[in-house]
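Written below as structure tokens is the structure these notes are about.
The values are calculated or read from the model by the stated rules, or taken from the named source; none is laboratory data. Computed from a predicted model, the values in this text were never measured in an experiment. Note: ideal-geometry Cβ built from the backbone for every residue, glycine included; neighbour counts use all protein chains shown.
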Amino acid sequence: MTDLLDRLRLAVGDHHVLTEAADMAAHLVDWTGVHEGRALAVVRPGSTGEVAEVVRACHETRTPVVPQGGNTGLVGGGVPDASGEAVVLSLGRMRTVRDVDPVAGTITVDAGVVLADVQSAASDAGRLFPMSLGSEGSCTIGGNLATNAGGTAVLRYGMTRELVLGLEVVLPDGRVWDGLRGLRKDNTGYDLTQLFVGSEGTLGVITGAVLRLFPATPRHATAWVAVPSVAAAVALLAVAQARGGAHLTTFEIANRQAIDLVLDHLPGATDPLAAPSDLYVLLELAGTETDDSLDDTLEAVLSEAVEGGLASDAAIAGSPAQRSALWALREGISEVQKVEGATLKHDVTLPIARLADWAEAMGPQLAEVLAGVRLVTYGHVGDGNLHYNLNAPLRDGRSDDESLRLAAAELTSAIYASVAATDGSISAEHGLGRTKAAAAASYKSEVEVDLMRAVKQALDPEGLMNPGVLLPPA
Ligand code: FAD
Ligand code: 2HG
Ligand code: ZN
């Protein structure tokens, strides 16, 4: 192994090969704190050529490689297992915006560029890069591509795979595939770009990307709406789609339990409405400088909703500060769930027409498994995607974390079985990582799993790229 470490030091420089426990620590545990592993080294290459050198050296010594971006993933895909055999390849130094072309509507970036920096570079050029995640200050474009991330603007702009035109990838044997083409039309065979999107570091290391830009949308009309039920929220979505058309960008849901946690733990958070409601929708229309009618459209949506019994009250953001405050209530939920105590995440999608019935049936079923379990339900209801998360019951005013741990497998199985029976998916946007690889394979047909294994075998026959992630061991 000394040989490998020497080669890695030669490739990237001594300072960028971390082997001390304290230096590696932040790279070995994931954001949730659930997955913690060990590694031979954490390597921080500064260019595509250096990534290729590192991967080639690992390939020749049969050393597993775990690509890592901002380490904000929620399924343990970006951290190594406990064996201590893998090299963590962190893209954190590759932060160059290579090119912005407002006319072609493209931006070309290194994979380690933080999402918020891509948004800023687009904005500086008078354009919009629409992907928006609560983790955008830390997650990287490489991680977003590798997980096919979603977020709060999918309703209008689609998942990450709809925002990418071309990629540069270091293959498992260290060769570089330069697919950095910004063409809108390119029908020349299998779509290799899309193959790497959502592959969670199991087929190669993404080092660069050409992404799509859109017209800037500096105008917003934003409302926080109290709704009586999930069924009402889905009906309100139809109203917002009909009246808002292409301006409808965000349609998020959060239950009162989630908002109570935010009000308890997020400094400065306040309830925008006088009376509490069981459920809320955050609804936003966005438009260009010349779109003058957003406020009127929002008013019309809300009036129709109140008249139709779909909403009981609403707060409209009257300033950028008020808009940020409404967004903070929604975006703060993940963080405060963690502060509150043990959590169990379920990132599910259901066919939207069946979402309300599914949610209504699920709650009582879980209460039978664990009395007092707290449903912290929120997410991107416009995409049929709920974060159907659980917090431990309160016992004597404290989070009884142990009870959630003991019931976790049964709770998750009940949710997944019900999602499968309702034609949904057990991972809407976070990917499979280590957490869900086995469960996802068990819900797929043999044919589908065979096809996935065939792709893996073709690109990574030695099984060195992120082993144990996305696909369970055969
Ligand atoms: P990492 O966590 O470092 O890695 C994630 C996976 O991608 C791993 O399997 C890793 O091996 C692989 N990978 C990383 N970089 C590369 C690369 N260059 N080449 C190949 N493989 C690579 N996700 C959503 O979809 N929607 C949300 O709304 C959302 N909100 C979030 C809010 C919070 C507060 C947090 C903590 C997370 C949220 N996430 C969300 C999850 C997470 O931010 C995304 O999955 C994000 O895309 C991960 O990016 P990353 O750079 O942190 O990747
Ligand atoms: C969100 O939509 C993220 O806030 C995170 O996808 C969800 O923490 C979660 O479970
Ligand atoms: Zn989400």
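Which residue, of Ala325, Ala359, Ala342, is without any contact (Cβ under 8 Å) to a residue 60 or more places away in the chain and more than 16 Å from Asp260 (Cβ to Cβ)?
Details: Ala359 fails: without any contact (Cβ under 8 Å) to a residue 60 or more places away in the chain; Ala342 fails: without any contact (Cβ under 8 Å) to a residue 60 or more places away in the chain.
Checking each option against the conditions leaves just Ala325.
For Leu192, the conditions (1) out of contact with any Ser or Thr (no Cβ under 7 Å at 6 or more places or on another chain); (2) among the aliphatic types (A, V, I, L, M); (3) buried (at least 22 other Cβ atoms within 10 Å of the Cβ) are fulfilled apart from (3).
Here is a yes/no grid of residues against (1) closer than 25 Å to Trp31 by Cα; (2) within 16 Å of ligand 3 (Cβ to nearest atom):
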{"position": "Arg256", "(1), (2)": "yes, no"}
{"position": "Thr270", "(1), (2)": "no, no"}
{"position": "Leu285", "(1), (2)": "no, no"}
{"position": "Leu298", "(1), (2)": "no, no"}
{"position": "Ala328", "(1), (2)": "yes, yes"}
{"position": "Ile333", "(1), (2)": "yes, yes"}
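Taken together, the criteria exclude Leu167 from residues that are more than 17 Å from the chain's Cα centre (by Cα) and either surrounded by fewer than 24 Cβ atoms within 10 Å (Cβ to Cβ) or of a type in the set (Phe, Trp, Tyr) (or both). Annotation: of all residues in the stretch 271-328 being within 25 Å of Ser123 (Cα to Cα), of a type in the set (Asp, Glu) and touching a strand residue (DSSP E or B) at 6+ places or on another chain (Cβ under 6 Å), the one that is surrounded by the fewest Cβ atoms within 10 Å (Cβ to Cβ) is Asp295.
For the stretch 362-385, which positions are part of a strand (DSSP E or B), crowded, with 21+ Cβ neighbours inside 10 Å and of a type outside the set (Val, Ile, Thr)? Break it down stepwise before answering.
Filtering the stretch 362-385 down to residues part of a strand (DSSP E or B) leaves 374-380, 385.
Imposing the further condition that a residue be crowded, with 21+ Cβ neighbours inside 10 Å reduces the set to 374, 376-380, 385.
Matches in the stretch 362-385: Arg374, Tyr378, Gly379, His380, Asn385.
Among the conditions (1) modelled with pLDDT under 95; (2) under 20 Å from Val262 (Cα atoms), Asp292 misses just one, which is (2). Cβ-Cβ distances below 7 Å connect the following pairs, each with a first residue in the stretch 166-188 that is closer than 18 Å to Glu60 by Cα, a second residue that is of a type in the set (S, T, N, Q), and a separation of six or more residues or different chains: Val170/Thr48; Val170/Thr207; Val176/Thr48. Restricting the stretch 335-347 to residues that are away from ligand 3 (no atom under 11 Å from the Cβ) and assigned to a strand (DSSP E or B), the residue that is surrounded by the most Cβ atoms within 10 Å (Cβ to Cβ) is Leu344.
Regarding Gly77, is this residue out of contact with any Lys or Arg (no Cβ under 6 Å at 6 or more places or on another chain) and within 16 Å of ligand 2 (Cβ to nearest atom)? It would help to see each step written out before you state the result.
Details: out of contact with any Lys or Arg (no Cβ under 6 Å at 6 or more places or on another chain): yes; within 16 Å of ligand 2 (Cβ to nearest atom): yes.
Yes: the conditions hold for Gly77.
Would you confirm whether any residue within the stretch 391-402 is away from ligand 3 (no atom under 16 Å from the Cβ), in contact with a strand residue (DSSP E or B) (Cβ under 8 Å, 6 or more places away or on another chain), among the hydrophobic types (A, V, I, L, M, F, W, C) and without any contact (Cβ under 8 Å) to a residue 24 or more places away in the chain? For the stretch 391-402, residues away from ligand 3 (no atom under 16 Å from the Cβ), in contact with a strand residue (DSSP E or B) (Cβ under 8 Å, 6 or more places away or on another chain), among the hydrophobic types (A, V, I, L, M, F, W, C) and without any contact (Cβ under 8 Å) to a residue 24 or more places away in the chain: present.
Of the residues contained in the stretch 390-409, none is found to be in contact with a helix residue (DSSP H, G or I) (Cβ under 9 Å, 6 or more places away or on another chain) and over 24 Å from Arg256 (Cα atoms). For the stretch 25-43, filtering for residues that are crowded, with 17+ Cβ neighbours inside 10 Å, more than 16 Å from Gly70 (Cα to Cα) and touching a Leu at 6+ places or on another chain (Cβ under 8 Å) leaves 4.
At least 1 residues being free of Cβ contacts under 8 Å to residues at least 12 places away in the same chain is the threshold, and among the strands (runs of 3 or more DSSP E) wholly inside the stretch 40-113 those reaching it are 97-101.
Looking only at the stretch 427-458, count how many residues are of a type outside the set (S, T, N, Q) and within 16 Å of ligand 3 (Cβ to nearest atom). Residues flagged as of a type outside the set (S, T, N, Q) and within 16 Å of ligand 3 (Cβ to nearest atom) within the stretch 427-458 amount to 7. Considered as a group, the residues in the stretch 223-248 that are closer than 30 Å to Asp101 by Cα and touching a helix residue (DSSP H, G or I) at 6+ places or on another chain (Cβ under 8 Å) include one that is surrounded by the fewest Cβ atoms within 10 Å (Cβ to Cβ), and that residue is Ala246.
Quick check, is Pro467 in contact with a helix residue (DSSP H, G or I) (Cβ under 6 Å, 6 or more places away or on another chain), farther than 22 Å from His387 by Cβ and in contact (Cβ under 8 Å) with a residue 24 or more places away in the chain? No: the conditions fail for Pro467.
Quick test for you: out of Thr72, Thr152, Thr106, pick the one residue that is more than 16 Å from ligand 3 (Cβ to nearest atom), closer than 29 Å to Leu248 by Cβ and touching a strand residue (DSSP E or B) at 6+ places or on another chain (Cβ under 9 Å). Going through Thr72, Thr152, Thr106 in turn, the sole match is Thr106.
When the stretch 366-380 is filtered for residues that are more than 16 Å from ligand 1 (Cβ to nearest atom) and of a type in the set (A, V, I, L, M), the ones remaining, listed by number, are Leu366, Ala367, Val369, Leu370, Ala371, Val373, Leu375. Taking the criterion of being surrounded by 18 or more Cβ atoms within 10 Å (Cβ to Cβ), within 16 Å of ligand 2 (Cβ to nearest atom) and of a type in the set (S, T, N, Q), the residues of the stretch 102-139 that qualify are Ser132, Ser135.
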